[in-house]
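A.B. asks: This is the structure I want to talk about, given as structure tokens.
Readers should treat all values here as calculations from the given coordinates under stated rules, not as data from a laboratory. Keep in mind the model is a prediction, meaning the values are calculated, not measured. Here the Cβ positions follow ideal geometry from the backbone for every residue, glycine too, while neighbour counts run over all protein chains shown.
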Amino acid sequence: MNPQLRSLLQVLGLNSIATRLTLSFAFLLMLFVGIGLTTVEQVRQIAQSNSRFQQTDMQRLRDVQELRSEFEGIGIQLLDVFTKNYESKNDLYVLIDARAAKIKQQFERLKQYQLNAEQQQALNTLIECNDLFRSHYYEVLDQYALDDLAGAKKIYTEQVEASRNTLLKEAQNFLDQEKLSFEARQREEEFKLKEMQERVFLLAAIAILIGASLALLTRRGVVRPLVVLETSAQKIAEGDYESKVPSTETIEVARVGQALNSMSEAIAQREREIEQLAYYDNLTHLPNRTLLLKQFDNMNLNGCGLVLMDIARLKTVNETLGFVTGDTLILETARRIQTALLEFNQEGTALAKFNGGTFAIVLPAIRKASSDGGIAHSDSEDVYELQSAQIKELLGLIDHHLTDPVRCSGYTVDVNLVYGIALCNAKSAATMNQAERSLNTLIRNGEVALYAAKAQTQTVVWYSDAQEASRLSHLSLLSDLRSAVQNSELQMWLQPKVKLADMQTYGFEALVRWQHPQRGFISPAEFVPFAERTGYISTVTMWMIERALQSLQLWQAQGLNLSIAVNVSTNDLRDESFPDRVRALMQRYDVSPANLRLELTESGIMEDPSSAIPLLQKLRELGIGLSIDDFGTGHSSLAYLQKLPVTELKIDRSFVINIDQLPSTQRLVKTIVEMGHGLQLSVIAEGIETAAERDTLRELGCDSMQGYFASKPLHGESLQKWLDQILLNARQT
């Protein structure tokens, strides 16, 4: 647009849609009002003219026609003088005088009209002729009054007839003048009507032309910019935030365009923030698992390696020094790993940050040159060895950069990483399909190796097929364990507890065993830790408690006053509903609460003593005896020990082995026994296998014992024989 025209539009305010539309509609309204007023005025004038035409010209024309008729009538009445006999002459005079008076009135009426010069001349001539005709026919009437019909007829023939003809001729001439005037007036009215139509049509055409021009200007000033806005909005909807809405002279459209541009920038900024949150770790700003998987999506990872590493003791740092210190430790660890990768200088290596203090490094496949100058396959055995050596080199660099402690929040913290390593090598890739060769599978294998490293307290563990088999076995083990509880595949074995004073059995410890229908006997050391990790141990615990109560109910009916102790896991101590479920079972089987004991590990209680102690108090209120198992191996303090509502301390087997030959251990155990007695607790030692160990514990004041020296765990027939012996001894005493 011309700059001068643009400036003019701005000065006039026409660069605003509101101003343009207001002026356009105002102008069109004024135009239509003008057309309406003009049309109304023309119609009014035509109506007035028609009214005047009807009231004046038509009446004058009728008056002239009646005047001519009167002239003819008075002539005919004069002839009656000669053709009719009137009984009275006065009757004839009256008729003629009445007609003469009417003619005079008509002349007076005609004089009152606005006549043109020709009409006025014709009227004056007609009046003169009428005066002459009147004087002549009165002479005829005078002769008639004298009964001189011959004289009257002579005057009529010589004077009246001539003046009458002249009068009629002038009357016809006046009538013709009126007719011409009437026709002229008609033509004038028709011309005015046609002129009004043409004026209305012209104004309508001008209005249409102006309306079309305004519509075109509105389209150029509104519609076209709106199309541009629509196109820009569509681009924003498609994710194109870089293209901007072009500037325009229209104020409103320019504002909408600026708003769209601002919205586009805001959406782009939010998407960048969302992408940062979705694909990057919020603390280290390293790529996260999602972005790493996206980068390697649908890629063949044959020959690639994954190093999964986790900061050791990060949980302890967070709990003791706070999460700020833990975050600083993670940040510094990330920086040092990045420095090691720069020194490693292997193209295609990707670093990512997973949850907590876990990092992942993906190493590309090594391409080894073949003997003929080509490239060896990345899944060959020698390439696999090279990849392993390369990973060991990388781990050495990382450990080297982590040698110096990290200074954070005023503390010096050593950084140690635990590594789980997985390779997609020739052996594993041969049995995998394309989906199983994905990075997700490689990460899963790395996690299996990392978990194994933590479980085995090793620094580095390489993933192997044996670990995969073990992992799959554990997965099926959970399903089998559920069915074992439902199908009564589990068994409760009982190991006797014996008083050292008289070697009499006063109770048993319940031990769970599993006889799998296909796998055979499964050791508790295998499935109990797995059940604890999966959270299914609580179901096993309730199964054991119910079996214990069933046995106690049976013994109670037989007259045996024995107790059964059931081990309780740490998960049970976190379950607030556990005391209520135990109470419900006791009410169902109606046994003495004192005959049911629950054994809890020291470490399990001290994991969260503030929650465990109230739960133990609820159990103790039921009358159940509580025992601290494996005492001496945990980290409990005397302050907590005196708050625990327990009734028994169970000395761990590690203090019992060869105690008869270890004076220092004897002093330690004596201290534990005395401390237990001081807290009014009974003390039992487990794992007794020799008479010497039994005798030593008896001398140290220990109350009871449990172990192979007294009896192995019993079940079935062997258990029944033990119970029968107890009944026999009871009857003999």
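A.B. asks: What's the center-to-center distance, using Cα atoms, between the stretch 103-166 and the stretch 481-519 in Å?
C.D. replies: Taking the Cα centre of each part, the stretch 103-166 and the stretch 481-519 sit 163 Å apart.
A.B. asks: Between residue 262 and residue 343, what is the label-point separation in nm under the 7 Å Cα-to-beta-carbon projection?
C.D. replies: For the pair residue 343/residue 262, the computed spacing is 5.3 nm.
A.B. asks: Ranked by Cβ crowding within 10 angstrom, fewest neighbours first, how are 63, 97 ordered? All intermediate terms of the calculation are to be shown ahead of the outcome.
C.D. replies: On the way: 63 17, 97 12.
If I rank by nearby Cβ atoms, fewest first, I get 97, 63.
A.B. asks: If each of residue 457 and residue 506 carries a label point 7 Å out from its Cα toward its Cβ, how far apart are those two points in nm?
C.D. replies: 3.6
A.B. asks: Kindly list the residues of the stretch 183-200 that lie in the label zone of residue 58, defined by a backbone N under 17 Å from the point 7 Å along the Cα-to-C-beta vector.
C.D. replies: Only 183-190 pass the distance filter.
A.B. asks: If packing is taken as the average count of other Cβ atoms within 10 Å, what order do 171-177, 520-526, 702-708 fall into, highest mean first?
C.D. replies: On the way: 171-177: 17.4, 520-526: 11.7, 702-708: 21.3.
Per-residue Cβ counts within 10 Å, averaged per peptide and sorted highest first, yield 702-708, 171-177, 520-526.
A.B. asks: Apply 1/(1 + (r/R0)^6) to the Cβ-Cβ distance of residue 30 and residue 201, taking R0 = 30 Å, and write down the FRET efficiency to the nearest 0.05. Walk me through the numbers on the way to the answer.
C.D. replies: Values: r = 19 Å, r/R0 = 0.63.
Efficiency for this residue pair is about 0.95.
A.B. asks: Tell me, in nm to one decimal, what length is gained between residue 526 and residue 145 on full extension, where the rule is 0.36 nm per residue of separation less the Cα-Cα distance? Numbers along the way, then the final one.
C.D. replies: Values: separation 381, 0.36 × 381 = 137.16 nm, distance 17.04 nm.
The residue 526-residue 145 span can extend by a further 120.1 nm.
A.B. asks: Right, next: Relative contact order, percent, of the stretch 474-732 when contacts are C-alpha pairs under 8 Å separated by at least 6 residues? Mind showing how you got there, number by number?
C.D. replies: Details: 405 pairs, mean separation 46.8, N = 259.
Dividing the mean separation by the residue count of the stretch 474-732 yields 18 percent.
A.B. asks: When the chain is fully extended, how far beyond the present Cα-Cα distance does residue 717 get from residue 608, taking 0.36 nm per residue of separation? Present the calculation step by step, with values, prior to reporting the outcome.
C.D. replies: Working: separation 109, 0.36 × 109 = 39.24 nm, distance 4.14 nm.
Using 0.36 nm per residue and subtracting the Cα-Cα distance, I get 35.1 nm.
A.B. asks: Could I ask something else about it? How much length, in nm to one decimal, is gained on full extension between residue 574 and residue 244, taken as 0.36 nm per residue of separation minus their Cα-Cα distance?
C.D. replies: Details: separation 330, 0.36 × 330 = 118.80 nm, distance 5.87 nm.
Going from the current span to full extension adds 112.9 nm.
A.B. asks: Residue 230 to residue 315: FRET efficiency via 1/(1 + (r/R0)^6), r the Cβ-Cβ distance, R0 56 Å, to the nearest 0.05?
C.D. replies: On the way: r = 56 Å, r/R0 = 1.00.
About 0.50, to the nearest 0.05.
A.B. asks: Kindly put 647, 284 in sequence by how many other C-beta atoms sit within 10 Å of each C-beta, fewest to most. Don't jump to the answer; show the numbers that get you there.
C.D. replies: Working: 647 17, 284 20.
Least to most surrounded, the residues fall as 647, 284.
A.B. asks: Between residue 587 and residue 485, what FRET efficiency comes out of the Förster formula 1/(1 + (r/R0)^6) with R0 = 25 Å and r the beta carbon distance, rounded to 0.05? Could the numbers behind the result be given before it?
C.D. replies: Details: r = 22 Å, r/R0 = 0.87.
Using R0 = 25 Å, I get an efficiency of 0.70.
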